[in-house]
Ligand SMILES: C[S@@+](CC[C@H](N)C(=O)[O-])C[C@H]1O[C@@H](n2cnc3c(N)ncnc32)[C@H](O)[C@@H]1O
């Protein structure tokens, strides 16, 4: 395989998307309403949602922590992968996003399974009890990912599942200049995650790169 052939192009991503379960009418409507409310179109792709749902099902996850709710799209998708009694607690800094997400979660098939916790991830996570989650998804401000990871590792038992978005730095992980703040923060986190002794992780080339890892003893 040449370097050229090895590159995952937009066409490859489209090929994958065409063979992956897409959004149902409710999620399409949610996205249209989010557009109208001027909420940015920065949610995970349907293919990444399916990938995470499958990982959550295989893991047998019952209680997920998310940092970065936005419109509630990923939280609703994750909640759909949990068994009866499962829950997603999703943390959001912006009231506008939290208000929108709460409204749409309440209308969804997983109302009662998803709770929006308002505030900064760095303030909310330390208040969550040890043992109260078995999976997490990091998808907010990149500079704080190392703190979010350590907090989630504190909360989750050994075997806990870590997922973190944008490991490929918005497609620019290899090309962005060293002083690009967003991509630099992702590079720092990727190196931090890779060096973690008690996490067995890998970047899956799904969406913009999704870290998947398991907490080890
Ligand atoms: C990429 S979006 C999340 C997308 C969502 N996970 C999805 O795929 O449907 C990032 C969200 O994180 C929120 N955010 C940014 N900084 C934050 C912080 N310090 N604490 C909590 N949320 C934050 C933003 O307001 C935004 O809604």
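A short reminder: the numbers here are calculations on the coordinates, not readings from a lab. Keep in mind that what you see is a predicted model, and the values were worked out from it rather than measured. With ideal geometry, Cβ positions are generated from the backbone for all residues, glycine too; neighbour counts draw on all protein chains shown.
Of all beta bridges that DSSP places with both ends in the chain, some 40 percent have antiparallel geometry.
With 10 angstrom as the radius, rank 12, 97 by how many other C-beta atoms surround their C-beta, starting from the fewest. Working shown, then result.
Details: 12 11, 97 21.
In order of increasing Cβ crowding within 10 Å: 12, 97.
The separation of region 144-217 from region 68-96, counted between C-alpha centres, amounts to 20 Å.
Between residue 198 and residue 84, the FRET efficiency estimated from the beta carbon spacing at R0 = 35 angstrom works out to 0.70.
Rounded, prolate or oblate for region 129-202? Axes are the square roots of the Cα gyration tensor eigenvalues, ordered a ≥ b ≥ c, and the cut-off for rounded is a/c under 1.5. Can you show the working numbers first?
Numbers: a/c = 2.53, a/b = 2.16, b/c = 1.17.
Taking the square roots of the gyration eigenvalues as a ≥ b ≥ c, region 129-202 is prolate.
Taking 13 Å as the cut-off, the amide N atoms of region 22-53 that come nearer than this to a point 7 Å along the Cα-to-beta-carbon line of residue 94 belong to 34-43.
Under the simplified labelling scheme, the residue 62-residue 216 pair shows an inter-label distance of 2.6 nm, with each label point 7 Å from Cα along Cα→Cβ.
Once a ≥ b ≥ c are taken as the square roots of the eigenvalues of the Cα gyration tensor of region 62-165, is the result rounded (a/c under 1.5), prolate (a/b larger than b/c) or oblate (a/b not larger than b/c)? Please list the in-between numbers first.
Numbers: a/c = 1.86, a/b = 1.19, b/c = 1.57.
Oblate, since a/c reaches 1.5 and b/c is not below a/b.
Peptides 161-171, 17-27 ranked from most to least packed give 161-171, 17-27, packing being the mean of other C-beta atoms within 10 angstrom over each peptide's residues. Going by the alpha-carbon gyration tensor, a ≥ b ≥ c the square roots of its eigenvalues, is the chain rounded (a/c under 1.5) or, if a/c is not under 1.5, prolate (a/b greater than b/c) versus oblate? Rounded shape, in that the Cα axes give a/c under 1.5.
Test of understanding: ordering 136, 210 by Cβ neighbours within 10 Å, fewest first, what list do you get? Present the calculation step by step, with values, prior to reporting the outcome.
Details: 136 27, 210 23.
By the 10 Å Cβ count, ascending, the order reads 210, 136.
Each of 147, 90 has some number of other Cβ atoms within 10 Å of its Cβ, and from fewest to most they run 147, 90. A simple spin-label model places pseudo-atoms 7 Å from Cα toward Cβ; at residue 191 and residue 18 they are separated by 4.0 nm.
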